[in-house]
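Just below is one structure, and these are the notes that go with it.
Here, each number is a calculation from the coordinates, and none is a lab measurement. None of the values given here were measured: they were computed from a predicted structure. For neighbour counting, all protein chains shown are included, and Cβ atoms are generated from backbone atoms with ideal geometry for every residue, glycine included.
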Amino acid sequence: MAARIGSAAGEAGESMNGVLGRFSNWRIRSLKACATFFYALSLLPSAFSARPNIVFIMADDLGYGDLGCYGNERVQTPHIDALAQNGIRFTDFHSSGPMCTPTRAATLTGCYQQRFGEKFDGAISGVRDYHSGLPHDAVTIAEILKETGYVTGCFGKWHLGYTPPFFPTTQGFDVFYGLGSGDGDFFSHVDRSGRLDWWRNEEKVVEEGYTTALLTKRSIEFIEANRDRPFFLYLPHLAIHFPWQGPQDPPHREVGVSYHDDKWGVIPDRSNVSPHVNAMIEAMDQSVGEIVTALDRHGLQENTLIAFTSDNGGYLRYYGGFENISSNGPLKGQKGQMYEGGHRVPTIVSWPNRNQADVTSELAHSTDWFPTFAKLTGVSIDDMSLDGLDLSPLLFRGQALPDRDLHWRMRGNYAVRSGPWKLAQQNGIRELFNLRNDLGETNDLSDRHPEKLTALQEAWEKWNAEMNRSAAKYE
Ligand SMILES: [Ca+2]
C-alpha cells in the first residue's frame, strides 16, 4: 500500500513538474510577478486535483513527554494519540532551536535559522526587535505553495515579526489570524508588553474567546471555505506557552501594563503548574479532534496530510519558583538548553491510507518540512539550496534517511549530533554523549573518546563558519 501511494504522490509531482519545470531556474521571488499566470494555472483541475492538502500543526513548548502517545499518564490526549496510532510517530525528531523564533524560521524556510543572522539564534524580542522580523527575501514554504496554486493560511502564533510588514501576509500566507508576538493572554490577547496582540491579516481586532478555541474555529472556517482547492493550513498554537492558562483559568493581562516581570498567568501554587498546563494540552488535543472531524465531514481526510510537532522542548521549571510544568519524559534539560529536553520534540505525520502506521527512530529535523511539503505537492525545488531533507521516502516507503549531522547554536551554547554521538556545550561545560545507550545524557564520554569529541567540535565549527558566511548580508 505504501509503495502504491508513494507512486500516487509522485504522479501528482510529475504532472506539476511538467508544468513548473520550465520555470525551474527562476527565483521564487520573481515568480511573484507571474501571480496572475499561476492563478490561471491553478484553475486547471486535472493538473491540481491530486495535490494534497497540508494541515501543519505546531504546538508551542510542548515537551517530549507531554502527550499520551509519548508516555504521559497524567494528561488525556486521545485525538493526538489517534493521529499517532494511524500515522508515523517520530522518536528522534528535533527542533532546530530550543526556543520559539528560531524553529519557526527554520521550519518555514527549510534553512537553519542562523543563516538569517545571529538574531535568530533565540527568540526575537518585543522590545528590541519590534520593528524587524524574518527578512523579506527569505523564501518560505507558504510562498512556493501559494505561487503554485495553493491557498495558504496561518492561524496562530507567528513570532517572526511583531507587526506589519513582518507578518505572515508578506511571507506567502493569504490569510493570517492570531498573534504576532511570542506570548499573549489566552483571553484578553494582550502581549507581554501590554499591547493588544490579536490580528486578522494586518489589522488588530478585538475578539473574546480562548485562544486555542478561536484558532481552531477560524482554521475550520478556512478548511470549509477552501475545501474544493488545495490548501496549506499552518496552525502554530500558542499552547502550551505561558501565560499558563487553561480554558477555565482567569484572564490575567490588561492593555497598557507591562508583564515582563509577571508573564506567567494566575498560578496560585507555583510549585505545581501542571494542572494549568495539562488543561492547555487537553484543549489543544480537543482542537486536533475538531480539525480531523472537519476534514472528515467534508471528505478531505483521504487527500490531506496532517503533521503535528512542537517548536522546542518543555519547561520543567522556571525562575520565580515555578515547578512541575511540562514533561520531557526521559530527557535531560528543558526549553532553551542544548540537552535533548530542549530540542527533541514529539512529532507525528498522518495521512490515512497513505502512510503505514509506524514508530520511527529515524533522525529528522525542523528544516525537513519545507522539502517534504514541496515534494508532496509536486513543486520542484531543485534550484533552491536548503538544509533539510525530503522525508517522503521514509513516510511513504519506509526507507531509511541518509546519514547527516545536525547542529544547534544559541547565544554561546551549541550542540552537534552525528549518528548516536552528541556534543553539547551548555553554560561553558562541553560534554560528549552516546545517545544510543545514554538518552538521558548522564555519562560524559569526553575523556574516553577524545578523538570523537574533536571530530564533532570540528564539524560544528565548520558548520558555524558556513552559517556566519551565509548570514553576513543580514548583519
Ligand atoms: Ca516555543
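Go through Lys157/Lys332; Lys263/Lys462; Lys375/Lys473 and tell me which ones have a Cα-Cα distance over 31 Å in this structure.
Check vs 31 Å cut-off fails for Lys263/Lys462.
Need one number: convex hull volume per residue for the chain, Cα atoms only, in Å³.
Enclosed volume per residue, from the Cα hull, is 137 Å³.
Return the FRET efficiency for the residue pair Asn201, Arg317: r is the Cβ-Cβ distance, R0 is 41 Å, and the value is rounded to the nearest 0.05.
0.60
What is the chain's relative contact order, in percent, from Cα pairs under 8 angstrom and six or more apart in sequence?
Relative contact order here is 24 percent.
Counting other beta carbons within 10 Å of each residue's own, what order do Ile281, Ile88 fall into, fewest first?
Lowest count first: Ile88, Ile281.
Report the Cα centroid-to-centroid distance between region 113-160 and region 320-391 in angstrom, as an integer.
That distance is 18 Å.
Go through 390-398, 433-441 and give me the packing order, highest mean Cβ count within 10 Å leading.
Per-residue Cβ counts within 10 Å, averaged per peptide and sorted highest first, yield 390-398, 433-441.
What distance in nm lies between label points placed 7 Å from Cα along the C-beta direction at Asp129 and Glu73?
Spacing of the two 7 Å Cα→Cβ label points: 4.0 nm.
Sort His449, His79, His94 by Cβ crowding within 10 Å, fewest neighbours at the top.
Ranking His449, His79, His94 by Cβ neighbours within 10 Å, fewest first, gives His449, His79, His94.
If each DSSP helix of 4+ residues adds -39,500 (n - 2.57) and the sum is divided by the residues in the chain, what number results at 222 nm, nearest 500 deg cm²/dmol?
Only helices count here, giving -9000 deg cm²/dmol.
Estimate the FRET efficiency between Asp228 and Glu208 by the formula 1/(1 + (r/R0)^6), using the beta-carbon distance for r and 30 Å for R0, to the nearest 0.05.
My answer for the efficiency is 0.45.
Which FRET efficiency value, to the nearest 0.05, is calculated for Arg448 and Ser271 with the Förster distance at 35 angstrom and r the Cβ-Cβ distance?
0.35
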